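What follows is one structure encoded as structure tokens, with my remarks underneath.
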Amino acid sequence: MGKKEIVIAGAGLSGLTLGTALAQRGWKVQILERAAELREIGAGLYTWENGLKVLEEINVFAEASEQVEFITELKMIDENQKEMHATRFSAQNRFCVIPRKQVYGALLKAAAKAGVEIETSACAVSADPSGAITLENGRTLRADLVVGADGVHSHVRKSLNMKHTVEKMNNGALRALIPRIEADETGIAVEHWSGYRRIGIAPSTDEFRYIYLTAPSMDEEGLSDPINKEAWLSSFPHLESVIERIDTSRLDRHFVYIYASTWAMNRAAILGDAAHGMEPNLGQGAGVSLTSALELAKQLERDDIDAALGKWEKIMRPTVEKTQIWSRIYGSAASNWPKELLSLRSEIISKAMDAESIDGMMSIAARHVTGAAVYTQM
């Protein structure tokens, strides 16, 4: 028998991870990218233990994490400079922020080394459950499995008529990498809250720090492009040194949740944001997608395609859905808290976050281990 073949629509993080993992397992892999060139848009990538394990398993960790500073503590600080909560990290529970270009470049090299074929200017417009993808130019490609890793506005998902909901949220963010200075803290990431705005600051590499600024979508001053520094200084005057270092930033005015009733239909599947887009409140949008991609590769290595797709979804869906739920809860506390109760928010959040059960639910994705033996017994 010849090699099994897969065609993946989308050369983003999840598409490259799946393609590389399967090519390393002997599959013939073709990835279709609608853009004319391969590039990752964005600033920093929150990478927790689950994502780091994926990078290790597909042999890109060393290059992706080069000069990256691992974070020892993540703090939540309210408008009165009071700590609401702190999460501590260790060698068994790691956390860092990798520049997106850096991890993307490492994935591209790993894909090429594994023999993945990537075609640019190749926009997939539809897929067929029998295992076919049709491009904008009318060309149709067939494989043992086709996967749509083509984002929240997935053409593959729509063409398969998978029942799904797209929910546009009234929250957005500006994100940037800023130069580090000698006065910056090392090893500490902090999220500052003030009213309905938040600023997160984290070490990234020897050269950069990562910063995100989130606000309700209706906050036109907060989510202006280019950034309105005066507006943010009015909420966070103590962060002037950080805010003034922002040069260029990426604006996402509305985040989106994707809820799909199924992720697979015969010999076609959807992956990553196409299957389960979410707000980045827990920093797990990419992490869950990377984990899901490797989980799918491992299940395809163990079983025939039909069985593997079923096991993969059964394994990943609980983690994904719980992460989406807690991301919504976190976002609501930050951006939709009743105005008349804002003075009580810090105390309530502090007590809630200290509860072991809540902390465990919010970190369920970070603890996911792909291919664990218990899953094979389902």
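The values are calculated or read from the model by the stated rules, or taken from the named source; none is laboratory data. On a predicted model such as this, the values are computed, not experimentally measured, just so you know. Ideal geometry is used to build each Cβ from the backbone, glycine not excepted, and the neighbour counts take in all protein chains shown.
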**Odd one out for I348, checked against (1) surrounded by 13 or more Cβ atoms within 10 Å (Cβ to Cβ); (2) more than 30 Å from K28 (Cα to Cα); (3) touching a residue at least 12 places away in the same chain (Cβ under 8 Å)** = (3)
**Request:** Filter segment 297-313 down to residues that are closer than 19 Å to A274 by Cβ and touching a helix residue (DSSP H, G or I) at 6+ places or on another chain (Cβ under 8 Å) and give me whichever is surrounded by the fewest Cβ atoms within 10 Å (Cβ to Cβ).
**Result:** A308
**Request:** Would you mind telling me which numbered condition in (1) of a type in the set (S, T, N, Q); (2) within 19 Å of the chain's Cα centre (by Cα); (3) under 25 Å from I246 (Cβ atoms) Q67 fails?
**Result:** (2)
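Among the residues of segment 77-87, is there at least one that is closer than 22 Å to G285 by Cβ and in contact (Cβ under 8 Å) with a residue 12 or more places away in the chain?
Step one: list which residues in segment 77-87 are closer than 22 Å to G285 by Cβ, which gives 85, 87.
Subset that is in contact (Cβ under 8 Å) with a residue 12 or more places away in the chain: 85, 87.
Scanning segment 77-87 turns up at least one residue that is closer than 22 Å to G285 by Cβ and in contact (Cβ under 8 Å) with a residue 12 or more places away in the chain.
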**Asked** Hey, among A64, A112, which residue is surrounded by fewer than 19 Cβ atoms within 10 Å (Cβ to Cβ) and among the aliphatic types (A, V, I, L, M)?
**Response** A112
**Prompt:** Are there any pairs, at least 6 apart or on different chains, whose C-beta atoms fall under 8 Å, with the first in segment 147-159 and without any contact (Cβ under 8 Å) to a residue 40 or more places away in the chain and the second assigned to a loop (DSSP other than H, G, I, E, B) and of a type in the set (D, E), and if so, which?
**Reply:** none
**Request:** Provide a single number: the residues in segment 75-97 that are closer than 18 Å to E347 by Cα and either in contact with a helix residue (DSSP H, G or I) (Cβ under 6 Å, 6 or more places away or on another chain) or not polar (S, T, N, Q) (or both).
**Result:** 10
**Prompt:** What do you reckon, is K101 among the basic types (K, R) and assigned to a strand (DSSP E or B)?
**Reply:** no
**Message:** Go through (1) modelled with pLDDT of 95 or more; (2) at positive phi; (3) small (G, A, S); (4) within 20 Å of the chain's Cα centre (by Cα) for G51 and report which single condition fails.
**Reply:** (2)
**Asked** Between a first residue in segment 265-287 that is on the phi > 0 side of the Ramachandran plot and a second residue that is charged (D, E, K, R), which pairs have beta carbons less than 8 Å apart while being 6 or more apart in sequence or on different chains?
**Response** N266/D306
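Would you check if A112 is under 30 Å from E5 (Cα atoms), hydrophobic (A, V, I, L, M, F, W, C) and in contact with a helix residue (DSSP H, G or I) (Cβ under 8 Å, 6 or more places away or on another chain)? Talk me through it step by step, then tell me what you get.
Working: under 30 Å from E5 (Cα atoms): yes; hydrophobic (A, V, I, L, M, F, W, C): yes; in contact with a helix residue (DSSP H, G or I) (Cβ under 8 Å, 6 or more places away or on another chain): no.
Criteria not met by A112.
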**Asked** Are there any pairs, at least 6 apart or on different chains, whose C-beta atoms fall under 8 Å, with the first in segment 46-58 and under 21 Å from Y212 (Cβ atoms) and the second among the basic types (K, R), and if so, which?
**Response** W48/R94; E49/R94; E49/R367; N50/R367; L52/R94
**Request:** Kindly state which strands (runs of 3 or more DSSP E) lie completely within segment 159-217 and contain at least 1 residues that are within 18 Å of S241 (Cβ to Cβ).
**Result:** 171-179, 188-194, 197-203, 208-216
**Message:** Filter segment 220-235 down to the residues that are surrounded by fewer than 19 Cβ atoms within 10 Å (Cβ to Cβ), assigned to a loop (DSSP other than H, G, I, E, B) and not polar (S, T, N, Q) and list them by number.
**Reply:** E220, E221, D225, P226
